[in-house]
Amino acid sequence: MKAVTPGETKLHSTAKKKRGFWATFKEQKVLYGMSIPFIIVVFIFSYMPVWGWLMAFQNYRPGKGILEQKWVGFDHFVALFSDEKFYQVMRNTLAMSFMGLIVGFTVPILFAVLLNEIRGSVFKRTVQTISYLPHFVSWVVVAGIVTKMLAVEGGAVNQLLMGLGFTDSPISFMSKGSWFWTIVTSAELWKTMGWNAIIYLAAITGIDQEQFEAAKVDGANRIRQIWHITLPSIAPTVAILLIMSIGHLISIGFEKQFLLGNPLVVDYSEVLDLYALNYGLGMGRFSFGTAIGMFNSLVSILLLLLANGAFKKFAKQSIM
(Lines give C-alpha, C1' and ligand atoms only; values in the text may rest on other atoms or scores of the structure.)
Protein backbone atom coordinates (compact mmCIF):
# COMPACT_ATOMS: atom_id res chain seq x y z
CA MET A 1 0.00 0.00 0.00
CA LYS A 2 1.30 3.42 -0.96
CA ALA A 3 1.98 5.75 1.96
CA VAL A 4 0.24 9.13 1.94
CA THR A 5 2.62 12.04 2.40
CA PRO A 6 1.73 15.08 4.57
CA GLY A 7 1.66 17.25 1.46
CA GLU A 8 -0.88 14.98 -0.22
CA THR A 9 -2.98 14.96 2.95
CA LYS A 10 -2.98 18.79 3.08
CA LEU A 11 -3.84 19.02 -0.62
CA HIS A 12 -6.66 16.54 -0.17
CA SER A 13 -7.99 18.49 2.81
CA THR A 14 -7.89 21.77 0.86
CA ALA A 15 -9.65 20.22 -2.12
CA LYS A 16 -12.26 18.78 0.21
CA LYS A 17 -12.88 22.22 1.72
CA LYS A 18 -13.24 23.77 -1.74
CA ARG A 19 -15.62 21.06 -2.84
CA GLY A 20 -17.52 21.52 0.40
CA PHE A 21 -17.92 25.26 -0.22
CA TRP A 22 -19.11 24.83 -3.79
CA ALA A 23 -21.39 22.00 -2.76
CA THR A 24 -22.89 24.26 -0.08
CA PHE A 25 -23.16 27.10 -2.58
CA LYS A 26 -25.01 24.84 -5.01
CA GLU A 27 -27.37 23.60 -2.32
CA GLN A 28 -28.07 27.08 -0.93
CA LYS A 29 -28.03 29.02 -4.21
CA VAL A 30 -31.52 30.42 -3.56
CA LEU A 31 -30.41 31.89 -0.22
CA TYR A 32 -27.25 33.30 -1.79
CA GLY A 33 -29.37 34.82 -4.52
CA MET A 34 -31.72 36.40 -1.97
CA SER A 35 -28.74 38.03 -0.23
CA ILE A 36 -27.53 39.79 -3.40
CA PRO A 37 -29.90 42.82 -3.10
CA PHE A 38 -28.74 43.42 0.48
CA ILE A 39 -25.09 43.16 -0.55
CA ILE A 40 -25.72 45.74 -3.29
CA VAL A 41 -27.43 48.11 -0.81
CA VAL A 42 -24.57 47.78 1.69
CA PHE A 43 -22.02 48.38 -1.07
CA ILE A 44 -23.82 51.49 -2.36
CA PHE A 45 -24.52 53.14 1.00
CA SER A 46 -21.60 51.89 3.12
CA TYR A 47 -18.63 51.38 0.81
CA MET A 48 -19.09 53.75 -2.11
CA PRO A 49 -19.19 56.85 0.16
CA VAL A 50 -15.67 55.99 1.33
CA TRP A 51 -14.56 57.52 -1.98
CA GLY A 52 -15.53 60.86 -0.44
CA TRP A 53 -12.77 60.50 2.17
CA LEU A 54 -10.48 62.05 -0.43
CA MET A 55 -12.07 65.37 0.52
CA ALA A 56 -10.32 65.21 3.90
CA PHE A 57 -6.98 65.65 2.09
CA GLN A 58 -8.19 68.45 -0.18
CA ASN A 59 -9.40 72.02 0.12
CA TYR A 60 -12.76 71.08 -1.33
CA ARG A 61 -14.82 73.67 -3.16
CA PRO A 62 -18.21 72.86 -4.73
CA GLY A 63 -18.38 73.09 -8.50
CA LYS A 64 -15.26 71.10 -9.29
CA GLY A 65 -14.74 67.38 -9.63
CA ILE A 66 -13.29 65.58 -6.62
CA LEU A 67 -10.05 64.89 -8.48
CA GLU A 68 -9.74 68.53 -9.59
CA GLN A 69 -9.55 69.93 -6.04
CA LYS A 70 -6.46 71.40 -4.41
CA TRP A 71 -4.61 68.80 -2.35
CA VAL A 72 -3.52 69.96 1.12
CA GLY A 73 -2.40 66.67 2.69
CA PHE A 74 -3.04 66.38 6.45
CA ASP A 75 -3.70 70.10 7.04
CA HIS A 76 -7.30 69.52 8.14
CA PHE A 77 -6.27 66.80 10.60
CA VAL A 78 -3.61 69.11 12.04
CA ALA A 79 -6.26 71.81 12.45
CA LEU A 80 -8.60 69.29 14.05
CA PHE A 81 -6.13 68.07 16.66
CA SER A 82 -4.95 71.64 17.34
CA ASP A 83 -8.45 72.86 18.18
CA GLU A 84 -9.15 72.97 21.93
CA LYS A 85 -12.86 72.62 21.18
CA PHE A 86 -12.19 69.18 19.72
CA TYR A 87 -10.94 67.82 23.05
CA GLN A 88 -13.91 69.25 24.90
CA VAL A 89 -16.21 67.60 22.36
CA MET A 90 -14.36 64.29 22.75
CA ARG A 91 -14.77 64.53 26.52
CA ASN A 92 -18.53 64.97 26.16
CA THR A 93 -18.78 62.19 23.59
CA LEU A 94 -16.82 59.65 25.63
CA ALA A 95 -18.57 60.58 28.89
CA MET A 96 -22.06 60.10 27.48
CA SER A 97 -20.94 57.01 25.55
CA PHE A 98 -19.55 55.27 28.63
CA MET A 99 -22.56 56.25 30.75
CA GLY A 100 -24.90 54.97 28.06
CA LEU A 101 -22.87 51.78 27.67
CA ILE A 102 -22.83 50.97 31.38
CA VAL A 103 -26.43 51.88 32.16
CA GLY A 104 -28.01 51.11 28.81
CA PHE A 105 -26.32 47.71 28.58
CA THR A 106 -26.69 46.31 32.10
CA VAL A 107 -30.24 47.48 32.88
CA PRO A 108 -31.87 45.73 29.85
CA ILE A 109 -30.16 42.46 30.88
CA LEU A 110 -31.45 42.80 34.43
CA PHE A 111 -34.89 43.77 33.16
CA ALA A 112 -35.04 40.77 30.81
CA VAL A 113 -33.97 38.35 33.56
CA LEU A 114 -36.53 39.73 36.02
CA LEU A 115 -39.25 39.80 33.37
CA ASN A 116 -38.54 36.16 32.57
CA GLU A 117 -39.12 35.26 36.23
CA ILE A 118 -42.69 36.60 36.15
CA ARG A 119 -45.09 33.67 36.03
CA GLY A 120 -48.29 35.49 35.07
CA SER A 121 -48.30 35.50 31.28
CA VAL A 122 -50.84 38.32 30.92
CA PHE A 123 -48.97 40.65 33.30
CA LYS A 124 -45.66 39.67 31.70
CA ARG A 125 -46.85 40.50 28.18
CA THR A 126 -48.38 43.77 29.38
CA VAL A 127 -45.17 44.92 31.06
CA GLN A 128 -43.09 43.92 28.03
CA THR A 129 -45.38 45.78 25.62
CA ILE A 130 -45.38 48.95 27.73
CA SER A 131 -41.60 48.82 28.12
CA TYR A 132 -40.75 48.71 24.42
CA LEU A 133 -43.39 51.20 23.20
CA PRO A 134 -41.05 54.22 23.78
CA HIS A 135 -38.72 52.76 21.14
CA PHE A 136 -41.23 53.78 18.47
CA VAL A 137 -41.44 57.37 19.78
CA SER A 138 -39.18 59.81 17.93
CA TRP A 139 -36.47 61.71 19.79
CA VAL A 140 -38.35 64.94 19.04
CA VAL A 141 -41.29 63.75 21.12
CA VAL A 142 -39.03 62.26 23.82
CA ALA A 143 -37.11 65.52 24.12
CA GLY A 144 -40.41 67.40 24.46
CA ILE A 145 -41.60 65.04 27.21
CA VAL A 146 -38.30 65.29 29.12
CA THR A 147 -38.27 69.09 28.84
CA LYS A 148 -41.84 69.35 30.13
CA MET A 149 -41.17 66.89 32.97
CA LEU A 150 -38.10 68.87 34.11
CA ALA A 151 -39.56 72.34 33.52
CA VAL A 152 -39.26 74.93 36.28
CA GLU A 153 -42.90 75.96 35.99
CA GLY A 154 -45.32 73.05 36.27
CA GLY A 155 -42.71 70.34 35.72
CA ALA A 156 -43.75 67.02 37.27
CA VAL A 157 -40.29 66.34 38.72
CA ASN A 158 -40.06 69.72 40.46
CA GLN A 159 -43.62 69.41 41.73
CA LEU A 160 -42.79 65.99 43.19
CA LEU A 161 -39.56 67.16 44.82
CA MET A 162 -41.25 70.16 46.41
CA GLY A 163 -44.21 68.05 47.49
CA LEU A 164 -41.90 65.60 49.25
CA GLY A 165 -39.96 68.42 50.87
CA PHE A 166 -36.63 67.79 49.13
CA THR A 167 -36.43 71.36 47.86
CA ASP A 168 -38.14 74.65 48.60
CA SER A 169 -37.88 76.07 45.09
CA PRO A 170 -37.93 74.58 41.58
CA ILE A 171 -34.62 73.36 40.16
CA SER A 172 -33.65 74.44 36.66
CA PHE A 173 -32.41 71.05 35.48
CA MET A 174 -32.11 71.97 31.82
CA SER A 175 -29.78 74.89 32.50
CA LYS A 176 -27.26 72.96 34.60
CA GLY A 177 -24.44 71.51 32.50
CA SER A 178 -23.48 69.05 35.26
CA TRP A 179 -26.91 67.43 34.96
CA PHE A 180 -26.97 67.17 31.17
CA TRP A 181 -25.13 63.84 30.82
CA THR A 182 -27.40 62.22 33.42
CA ILE A 183 -30.53 63.58 31.73
CA VAL A 184 -29.48 62.29 28.31
CA THR A 185 -28.53 58.86 29.70
CA SER A 186 -31.82 58.54 31.61
CA ALA A 187 -33.88 59.57 28.59
CA GLU A 188 -32.05 57.09 26.36
CA LEU A 189 -32.52 54.32 28.92
CA TRP A 190 -36.27 54.96 29.11
CA LYS A 191 -36.54 54.95 25.32
CA THR A 192 -34.44 51.85 24.54
CA MET A 193 -34.56 49.57 27.61
CA GLY A 194 -37.60 47.53 26.63
CA TRP A 195 -36.56 47.14 23.00
CA ASN A 196 -33.02 46.05 23.88
CA ALA A 197 -34.37 43.54 26.40
CA ILE A 198 -36.18 41.66 23.61
CA ILE A 199 -32.90 40.14 22.38
CA TYR A 200 -32.03 38.86 25.85
CA LEU A 201 -35.54 37.53 26.39
CA ALA A 202 -35.23 35.60 23.13
CA ALA A 203 -31.89 34.16 24.29
CA ILE A 204 -33.38 33.19 27.65
CA THR A 205 -36.32 31.51 25.94
CA GLY A 206 -33.89 29.27 24.04
CA ILE A 207 -32.38 27.82 27.22
CA ASP A 208 -33.15 24.14 27.78
CA GLN A 209 -35.79 24.00 30.52
CA GLU A 210 -34.45 20.66 31.73
CA GLN A 211 -31.50 22.53 33.22
CA PHE A 212 -33.84 24.48 35.48
CA GLU A 213 -35.70 21.32 36.45
CA ALA A 214 -32.44 19.62 37.35
CA ALA A 215 -31.38 22.66 39.39
CA LYS A 216 -34.66 22.58 41.30
CA VAL A 217 -34.12 18.91 42.13
CA ASP A 218 -30.66 19.78 43.45
CA GLY A 219 -32.23 22.42 45.71
CA ALA A 220 -31.20 25.57 43.83
CA ASN A 221 -33.47 28.56 44.45
CA ARG A 222 -34.42 31.05 41.72
CA ILE A 223 -31.45 33.31 42.44
CA ARG A 224 -29.07 30.36 42.05
CA GLN A 225 -30.78 29.32 38.83
CA ILE A 226 -30.36 32.81 37.40
CA TRP A 227 -26.69 32.98 38.43
CA HIS A 228 -25.64 29.49 37.34
CA ILE A 229 -27.94 28.82 34.37
CA THR A 230 -29.60 31.92 32.92
CA LEU A 231 -26.65 34.33 32.88
CA PRO A 232 -24.03 31.81 31.60
CA SER A 233 -26.45 30.69 28.88
CA ILE A 234 -26.95 34.20 27.50
CA ALA A 235 -23.27 35.14 27.91
CA PRO A 236 -22.46 34.64 24.17
CA THR A 237 -25.31 37.00 23.20
CA VAL A 238 -24.18 39.54 25.79
CA ALA A 239 -20.57 39.36 24.56
CA ILE A 240 -21.51 39.90 20.89
CA LEU A 241 -23.76 42.86 21.66
CA LEU A 242 -21.13 44.36 23.98
CA ILE A 243 -18.48 44.13 21.26
CA MET A 244 -20.78 45.92 18.82
CA SER A 245 -21.64 48.57 21.43
CA ILE A 246 -17.96 49.27 22.11
CA GLY A 247 -17.44 49.76 18.38
CA HIS A 248 -20.01 52.58 18.48
CA LEU A 249 -18.62 54.36 21.53
CA ILE A 250 -17.90 57.63 19.72
CA SER A 251 -20.60 57.22 17.06
CA ILE A 252 -23.52 58.09 19.30
CA GLY A 253 -25.29 60.42 16.88
CA PHE A 254 -26.40 63.93 17.74
CA GLU A 255 -30.22 63.88 17.85
CA LYS A 256 -30.74 63.66 21.60
CA GLN A 257 -27.92 66.12 22.38
CA PHE A 258 -29.19 68.56 19.76
CA LEU A 259 -32.81 68.39 20.96
CA LEU A 260 -32.14 68.43 24.71
CA GLY A 261 -29.26 70.90 24.59
CA ASN A 262 -29.40 74.68 24.77
CA PRO A 263 -26.84 77.54 24.83
CA LEU A 264 -26.53 77.29 28.63
CA VAL A 265 -25.20 73.72 28.52
CA VAL A 266 -23.38 73.75 25.17
CA ASP A 267 -20.04 72.98 26.86
CA TYR A 268 -21.53 69.65 27.99
CA SER A 269 -23.94 68.86 25.15
CA GLU A 270 -21.80 69.21 22.02
CA VAL A 271 -20.58 65.83 20.77
CA LEU A 272 -18.39 64.82 17.84
CA ASP A 273 -21.21 64.59 15.31
CA LEU A 274 -22.55 68.01 16.33
CA TYR A 275 -19.03 69.39 16.10
CA ALA A 276 -18.77 68.11 12.52
CA LEU A 277 -22.17 69.57 11.70
CA ASN A 278 -21.54 73.01 13.22
CA TYR A 279 -17.87 73.56 12.37
CA GLY A 280 -17.82 71.54 9.15
CA LEU A 281 -21.02 71.66 7.12
CA GLY A 282 -22.47 74.67 8.96
CA MET A 283 -19.46 76.85 8.10
CA GLY A 284 -18.94 75.45 4.62
CA ARG A 285 -15.72 73.68 5.65
CA PHE A 286 -16.59 70.44 3.89
CA SER A 287 -13.08 69.02 3.99
CA PHE A 288 -12.80 69.73 7.72
CA GLY A 289 -16.13 68.00 8.33
CA THR A 290 -14.96 65.02 6.27
CA ALA A 291 -11.79 64.82 8.37
CA ILE A 292 -13.92 64.65 11.53
CA GLY A 293 -16.10 61.93 10.04
CA MET A 294 -13.05 59.98 8.89
CA PHE A 295 -11.51 60.19 12.37
CA ASN A 296 -14.82 59.00 13.84
CA SER A 297 -15.00 55.99 11.51
CA LEU A 298 -11.37 54.95 11.98
CA VAL A 299 -11.60 55.12 15.78
CA SER A 300 -14.83 53.10 15.70
CA ILE A 301 -13.16 50.41 13.57
CA LEU A 302 -10.16 50.35 15.91
CA LEU A 303 -12.35 50.02 19.00
CA LEU A 304 -14.32 47.23 17.35
CA LEU A 305 -11.17 45.29 16.46
CA LEU A 306 -9.68 45.76 19.94
CA ALA A 307 -12.89 44.69 21.67
CA ASN A 308 -13.30 41.71 19.35
CA GLY A 309 -9.68 40.65 19.91
CA ALA A 310 -9.96 40.97 23.69
CA PHE A 311 -13.18 38.96 23.88
CA LYS A 312 -11.80 36.36 21.48
CA LYS A 313 -8.70 35.89 23.64
CA PHE A 314 -10.22 35.96 27.12
CA ALA A 315 -13.89 35.00 26.65
CA LYS A 316 -13.61 32.87 23.49
CA GLN A 317 -16.34 34.98 21.88
CA SER A 318 -16.06 37.12 18.77
CA ILE A 319 -18.05 38.46 15.85
CA MET A 320 -15.40 37.71 13.20
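Hey, among the residues in the range 1-43 that are touching a helix residue (DSSP H, G or I) at 6+ places or on another chain (Cβ under 9 Å) and surrounded by 10 or more Cβ atoms within 10 Å (Cβ to Cβ), which one's modelled with the lowest pLDDT?
Across the range 1-43, the extreme among qualifying residues is Phe25.
So which residues in the range 65-97 are of a type outside the set (Lys, Arg), outside any helix (DSSP H, G or I) and in contact with a strand residue (DSSP E or B) (Cβ under 8 Å, 6 or more places away or on another chain), if there are any at all?
Gln69, Trp71, Val72
Only one of (1) open to solvent by 50 Å² or more (accessible area, probe 1.4 Å); (2) assigned by TED's automatic domain parsing to the domain that holds Ile229; (3) modelled with pLDDT under 90 is not met by Lys148, so which one is it?
So the condition that Lys148 fails would be (3).
For every residue, the table says whether it meets (1) under 25 Å from Leu115 (Cα atoms); (2) in contact with a helix residue (DSSP H, G or I) (Cβ under 9 Å, 6 or more places away or on another chain); (3) of a type outside the set (A, V, I, L, M, F, W, C).
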{"site": "Ile204", "(1), (2), (3)": "yes, yes, no"}
{"site": "Ala215", "(1), (2), (3)": "yes, yes, no"}
{"site": "Ala220", "(1), (2), (3)": "yes, yes, no"}
{"site": "Ile226", "(1), (2), (3)": "yes, yes, no"}
{"site": "Met244", "(1), (2), (3)": "yes, yes, no"}
{"site": "Val271", "(1), (2), (3)": "no, yes, no"}
{"site": "Gly293", "(1), (2), (3)": "no, yes, yes"}
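Answer yes if at least one residue in the range 167-183 is in a loop (DSSP other than H, G, I, E, B), among the hydrophobic types (A, V, I, L, M, F, W, C), without any contact (Cβ under 8 Å) to a residue 24 or more places away in the chain and surrounded by fewer than 16 Cβ atoms within 10 Å (Cβ to Cβ), and no otherwise.
So far as the range 167-183 goes, no, none of its residues is in a loop (DSSP other than H, G, I, E, B), among the hydrophobic types (A, V, I, L, M, F, W, C), without any contact (Cβ under 8 Å) to a residue 24 or more places away in the chain and surrounded by fewer than 16 Cβ atoms within 10 Å (Cβ to Cβ).
When you go through Leu67, Leu114, Leu54, Leu94 one by one, which is the residue that is open to solvent by less than 50 Å² (accessible area, probe 1.4 Å) and among the hydrophobic types (A, V, I, L, M, F, W, C)?
The match here is Leu54.
Across the range 98-141, which residue is farthest from Ser186 (Cα to Cα) among those that are hydrophobic (A, V, I, L, M, F, W, C) and not in a helix (DSSP H, G or I)?
Among residues in the range 98-141 that are hydrophobic (A, V, I, L, M, F, W, C) and not in a helix (DSSP H, G or I), the one farthest from Ser186 (Cα to Cα) is Ile118.
Suppose we filter Ser82, Ser46 for residues that are within 18 Å of Thr290 (Cβ to Cβ), open to solvent by 80 Å² or more (accessible area, probe 1.4 Å) and of a type in the set (Ser, Thr, Tyr); which single one remains?
Working: Ser46 fails: open to solvent by 80 Å² or more (accessible area, probe 1.4 Å).
Exactly one of Ser82, Ser46 is within 18 Å of Thr290 (Cβ to Cβ), open to solvent by 80 Å² or more (accessible area, probe 1.4 Å) and of a type in the set (Ser, Thr, Tyr), namely Ser82.
Kindly check whether there is at least one residue in the range 282-291 that is basic (Lys, Arg), surrounded by fewer than 17 Cβ atoms within 10 Å (Cβ to Cβ) and either in a loop (DSSP other than H, G, I, E, B) or under 16 Å from the mean Cα position of the chain (by Cα) (or both).
Here is the first cut: in the range 282-291, the residues basic (Lys, Arg) are 285.
In the following step, the residues that additionally are surrounded by fewer than 17 Cβ atoms within 10 Å (Cβ to Cβ) were identified as none.
Within the range 282-291, not a single residue is basic (Lys, Arg), surrounded by fewer than 17 Cβ atoms within 10 Å (Cβ to Cβ) and either in a loop (DSSP other than H, G, I, E, B) or under 16 Å from the mean Cα position of the chain (by Cα) (or both).
Grab the helices (runs of 4 or more DSSP H) fully contained in the range 197-269, keeping just those with 2 or more residues being of a type in the set (A, V, I, L, M) and either crowded, with 16+ Cβ neighbours inside 10 Å or touching a Pro at 6+ places or on another chain (Cβ under 6 Å) (or both).
So the answer is 231-247, 255-260.
Could you list all residues from the range 109-124 that are closer than 30 Å to Glu255 by Cβ and either within 19 Å of the chain's Cα centre (by Cα) or without any contact (Cβ under 8 Å) to a residue 60 or more places away in the chain (or both)?
Ile109, Leu110, Phe111, Ala112, Leu114, listed by residue number.
If you check Val157 against the conditions, is it closer than 22 Å to Gly104 by Cβ, under 24 Å from the mean Cα position of the chain (by Cα) and β-branched (Val, Ile, Thr)? Quick ask: steps written out before the conclusion?
Numbers: closer than 22 Å to Gly104 by Cβ: yes; under 24 Å from the mean Cα position of the chain (by Cα): no; β-branched (Val, Ile, Thr): yes.
So Val157 does not fit the description; no.
The values are calculated or read from the model by the stated rules, or taken from the named source; none is laboratory data. Remember, it's a predicted structure, so these values are computed and weren't measured experimentally. Ideal geometry is used to build each Cβ from the backbone, glycine not excepted, and the neighbour counts take in all protein chains shown. Surface areas here come from the heavy atoms of the whole protein model, side chains and all, with no ligands, DNA or RNA. Shrake-Rupley method; radii C 1.70, N 1.55, O 1.52, S 1.80 Å.
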